[in-house]
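See structure below.
The values are calculated or read from the model by the stated rules, or taken from the named source; none is laboratory data. As the structure is a prediction and not an experimental result, all values here were calculated from the model. Cβ: placed from backbone, ideal geometry, glycine included. Neighbour counts: every protein chain shown. Please note that ligands, DNA and RNA were not included when accessible areas were found on the heavy atoms of the full protein model with its side chains. Shrake-Rupley method; radii C 1.70, N 1.55, O 1.52, S 1.80 Å.
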Amino acid sequence: MKTYMELSTWENGRLKATVLRTSGLEQNYFGCRFYIDNNSLGIEWYEDKSEPYAVDAAENYIAGIKKYPV
């Protein structure tokens, strides 16, 4: 099980996305947890991407541009 922290949350109507960062690993990385009606759909991890990449994914999801699962 991965340990992670929540960095920011984005919401629009029924959609919500939380930007995450792993912790306690040799190489930490970012991801997003996606929700509809506050029900978690799951986490998408971006091991080779930056925090702005994860933020863009969150913003695109709540804008309806990104669908989950991809």
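For the reader, a short list of remarks on this structure follows.
- Considering only alpha-carbon pairs that sit under 8 angstrom and 6 or more positions apart, the relative contact order computed for the chain is 27 percent.
- The angle separating the long axis of helix 51-62 from the principal Cα axis of greatest extent in the chain is about 20 degrees.
- Shown in residue order for the range 24-34 are the 3J(HN,Hα) couplings computed by the Karplus curve 6.51 cos²θ - 1.76 cosθ + 1.60 at θ = phi - 60°: x, 9, 4, 10, 7, 8, 9, x, 9, 9, 10 Hz (x for Gly and Pro).
- For the range 24-56, the set of GluC sites (Glu not before Pro) satisfying both a DSSP loop assignment and a count of at most 12 other C-beta atoms within 10 Å is given as E26, E47.
- If a spin label sat at a point 7 angstrom from the Cα of E51 along the line to its beta carbon, the backbone N atoms of the range 1-32 nearer than 16 Å would be those of 4-10, 18-24, 28-32.
- Per-residue HN-Hα couplings for the range 4-14 [Karplus 6.51, -1.76, 1.60; θ = phi - 60°; Hz; x = Gly/Pro]: 8, 10, 8, 9, 7, 10, 10, 9, 7, x, 7
- Normalised per residue, the accessible area of the range 19-70 is 60 Å², obtained with a 1.4 Å probe and no contribution from ligands, DNA or RNA.
- Based on the Kirkwood approach, the hydrodynamic radius assigned to the chain is 12.0 Å, with every pair of different Cα atoms included.
- Cα-based reach from K66 at 18 Å (exclusive), listing aspartates and glutamates while leaving out same-chain residues under 8 positions away: E11, D37, E44, E51, D56
- Count Lys and Arg as plus one, Asp and Glu as minus one, and take only other residues whose Cβ is under 15 Å from that of S40; the net charge is then 0.
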